[in-house]
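The block underneath contains the structure these notes are about, expressed in structure tokens.
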Amino acid sequence: MAVDPLIELRDVNKHFGSLHVLRDINLTVGRGEVVVVIGPSGSGKSTLCRTVNRLEPVDSGTILLDGRPLPEEGKSLARLRAEVGMVFQSFNLFAHKSVLENVSLAQIKVRGRKKEQAEARSRELLERVGLAAHAGKYPAQLSGGQQQRVAIARALAMDPKALLFDEPTSALDPEMINEVLEVMRQLARDGMTMVVVTHEMGFARSAANRVVFMADGSIVEDRAPEEFFTAPESDRAKDFLSKIL
Ligand code: ADP
Ligand code: MG
């Protein structure tokens, strides 16, 4: 893929106390690219995601979004989090707000849209994730897969430049995983730039442009999925794949 970098991490290091959780991370995510991040538990995948929308500060190195360093604080940080949406394992919807309100709220507060304008956009996005009929319901009335699709619609409502997914299907019952992955596949086809931490290797094979394999805070491999899955180079990756495939 021609490189038109949207997210760039250069020599990023991060510690939690004495634990070195990100070690000299260099990663470029091109516009429209889908990068799947895999690796053992504790290897730093979530921390990597969290540094990109600055939920975690880094100790050293640089992170660029669209060629500009991430902002440090204040208003521009809220704007950054709108530009780089994040979808978590736990959907984090507001329990006491309807689906429509959940998707509309940040549009009004962060993007400054009028209520009617925000709700019109929300309805479009709910249609896109297959939930148009559920706009008036509350999160507890939806299945886990439906709630996660609401969370995706909410992230999309900010018109993000990129979306980060941290194990978006790990909390779901098996029969709901595919409906969420299908929405993500559609986003990928529509050209959304995505970083996806997942254990769904079928998704990695079918939707990713690249697979990044992490272990102990380092990026050990960064390759096309068909290469990674058929001929992993490192012992760490071979070992990991032998356990999960
Ligand atoms: P992964 O998502 O790959 O499982 P994480 O990024 O969550 O890995 O964690 C990497 C390492 O950092 C783990 O050893 C984890 O225990 C540790 N860690 C993560 N968050 C914190 C935190 N807020 N404080 C201290 N240690 C943390
Ligand atoms: Mg994690």
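Please treat every number below as a calculation from the coordinates, not as lab data. Fair warning: this is a prediction, and the values are worked out from it, not measured in the lab. No Cβ is skipped: glycine too gets one built from the backbone with ideal geometry, and neighbour counts run over all protein chains shown.
Sum up the charges of everything whose Cβ sits under 10 Å from the Cβ of Leu27, counting Lys and Arg as +1 and Asp and Glu as -1, but leave Leu27 out. So the environment of Leu27 carries a net charge of 0. Given their separation in residues at 0.36 nm each and the Cα-Cα distance between them, Ala120 and Lys137 gain 4.5 nm when the chain is fully extended. Length gained on full extension, Ala171 to Asp66, computed as 0.36 nm times the residue gap minus the Cα-Cα distance: 34.6 nm. Ranked by the mean number of other Cβ atoms within 10 Å of their residues, highest first, the peptides 146-159, 98-111, 72-85 come out as 146-159, 98-111, 72-85. Projecting the Cα atoms of His134, Thr62, Leu6 onto the charge dipole of the chain, computed from C-beta unit charges around the Cα centre, puts His134 farthest toward the positive end.
Net charge of the neighbourhood of Leu65, taken over other residues with C-beta under 9 Å away and scored Lys/Arg +1, Asp/Glu -1, is -1. Expressed as an acute angle from 0 to 90° and rounded to the nearest 10, what is the orientation of the C-alpha long axis of helix 144-156 relative to the principal long axis of the chain? Rounded to the nearest ten degrees, it is 90.
Please work out the C-alpha center-to-center distance from the stretch 131-160 to the stretch 175-235 and express it in whole Å. That distance is 23 Å. For the stretch 160-245, taking the reciprocal of the average inverse distance between every pair of different Cα atoms yields a Kirkwood hydrodynamic radius of 13.8 Å. What is the list of residues in the stretch 18-45 whose amide nitrogen lies under 19 Å from a point 7 angstrom out from the Cα of Asp59, following Cα to Cβ? In the stretch 18-45, the label zone of Asp59 (backbone N under 19 Å from the point 7 Å along Cα→Cβ) covers 18-27, 42-45. Evaluate the Debye formula for the chain with equal point scatterers sitting on the alpha carbons, no solvent, and hand back log10 of I(q)/I(0) at q = 0.17 Å⁻¹, in q order, two decimals. For the chain, the Cα-only Debye profile gives -1.32. Translational diffusion coefficient of the stretch 51-126 (Stokes-Einstein, Kirkwood radius from Cα pairs, 10 °C, 1.306 mPa s): 112 µm²/s.
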